[in-house]
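The values are calculated or read from the model by the stated rules, or taken from the named source; none is laboratory data. Since we're looking at a predicted model, the values are computed, not measured. For neighbour counting, all protein chains shown are included, and Cβ atoms are generated from backbone atoms with ideal geometry for every residue, glycine included.
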Amino acid sequence: MKAYSLADFAELAERSRRPFHDGYYAMYSSLYNGIVTDPALMLVPVDDHMVHRGDGVFETFKCVDGKIYNMWAHLERLARSAAAIHLKLGLTLEEIADIVVKTTAAGAHADALVRVLISRGPGSFGVNPYDCPTPQLYVTVYRLPPAFMDKHPEGARVMTSAIPVKRPFYAGVKNCNYLPNMLMKKEAIDAGVDFVVSFDEEGNVAEGPTENVGIVTAERELVFPSLGGILRGTTMMRVMELADTSADPAIIATVAFRAISRNQLLAASEILIVGTTPNVTSVREFDGHPINGGELGPAYHELSRLLLDDIAHNSALQTPVPLPNS
């Protein structure tokens, strides 16, 4: 086993390249106050408390056709999450937004995901947050996968998760300790389903690993779980706004946030999953029970249409990115 020095870094970086690096477009690090586009340089210090303690917060949003969608809703939630764990941003939201736009432009792809992370920063390998003198900002720009329904137009198969639900405080803070979320995703893959959904101690619907879950009732009411025990998903909140103001009332008459029991879920006319990456997804089967006869329902079509139109044409929620050759 060889002991390497800083002078050997270029050689080590070349040897560490992997095929999945093709999907990594750009990264900003406040440690260097600069942007890199070589995946070999997209590094975070191992003593950053975000790495070994999960002490940080993050947001993920997307750039579509050269325009970042709903960025400010994400940045405002980032600030709320940071405040909840007593983590200073270190920059204003306007300064972070400027870095986000410049990093996305450096990634040189019109369609991409953007992840913003605020960490407690390097300082020790302990648990004491006061060991870290300065918070750090990392922005990564990487490949945007197709929305779920683009690859699976028949809809999703979903099952109940056995992973314990997060307590309300932790559910409401988008923090970097995503161990329960990872276990839920592994659970879904190992079971051969598309998504899993957790239930709280009262037996009511909570959320998926990275998605919100709602229903459409026989009375044409769009319902998502009470906000006190789940993450306020930006896509969920926007879908509810669109449903309330723009949906055909013959399809969606009213909207509400309230507890959803398992029986109500299984009796629903439609079950919907929403998120930044999947957009609006129709559930065709839950725990082996067909939903809406296994067919796509009218609410799915209506809400998907409204959201996709919002992403493509709502200039008030678009932040243009000055991409090369654009």
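Numbers for the structure displayed
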item: Single residue of region 21-77 satisfying the filter (touching a residue at least 12 places away in the same chain (Cβ under 8 Å) and of a type in the set (F, W, Y)) that is nearest to N177 (Cα to Cα); result: F58
item: Scan of region 212-224 for residues that are crowded, with 23+ Cβ neighbours inside 10 Å and not hydrophobic (A, V, I, L, M, F, W, C), ordered by number; result: N212, G214
item: Residue count for region 240-265, restricted to those that are touching a helix residue (DSSP H, G or I) at 6+ places or on another chain (Cβ under 7 Å) and within 20 Å of S198 (Cβ to Cβ); result: 1
item: Strands (runs of 3 or more DSSP E) contained in region 171-224 and holding at least 3 residues aromatic (F, W, Y); result: none
item: Residues that are within 21 Å of I85 (Cβ to Cβ) and surrounded by fewer than 17 Cβ atoms within 10 Å (Cβ to Cβ), drawn from region 52-71; result: H52, G54
item: Which listed residue, of T134, T92, is within 19 Å of R53 (Cα to Cα), at pLDDT 95 or above and out of contact with any strand residue (DSSP E or B) (no Cβ under 7 Å at 6 or more places or on another chain); result: T134
item: From A10, A108, residue being on the phi < 0 side of the Ramachandran plot and of a type in the set (A, V, I, L, M); result: A10
item: Only listed residue being assigned to a strand (DSSP E or B), among the aliphatic types (A, V, I, L, M) and in contact with a Gly (Cβ under 8 Å, 6 or more places away or on another chain), chosen from L113, L137; result: L137
item: Test: residue in region 263-283 that is at pLDDT 95 or above, in a helix (DSSP H, G or I) and either crowded, with 23+ Cβ neighbours inside 10 Å or among the aromatic types (F, W, Y) (or both); result: yes
item: Every residue from region 160-170 that is assigned to a helix (DSSP H, G or I) and either touching a residue at least 40 places away in the same chain (Cβ under 8 Å) or more than 19 Å from the chain's Cα centre (by Cα) (or both); result: P168, F169
item: Matching residues in region 150-192 - criterion: being of a type in the set (A, V, I, L, M, F, W, C) and either under 27 Å from L117 (Cβ atoms) or not assigned by TED's automatic domain parsing to the domain that holds I271 (or both); result: I163, V165, F169, A171, V173, C176, L179, M182, L183, M184, A188, I189
item: Subset of region 286-312 (residues that are under 23 Å from the mean Cα position of the chain (by Cα) and β-branched (V, I, T)); result: I311
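For (1) at positive phi; (2) in contact (Cβ under 8 Å) with a residue 40 or more places away in the chain; (3) under 19 Å from the mean Cα position of the chain (by Cα), each residue gets a yes or a no:
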site	(1), (2), (3)
P135	no, yes, no
A147	no, yes, yes
G155	yes, yes, no
V158	no, yes, yes
A191	no, no, no
D194	no, yes, yes
S198	no, no, yes
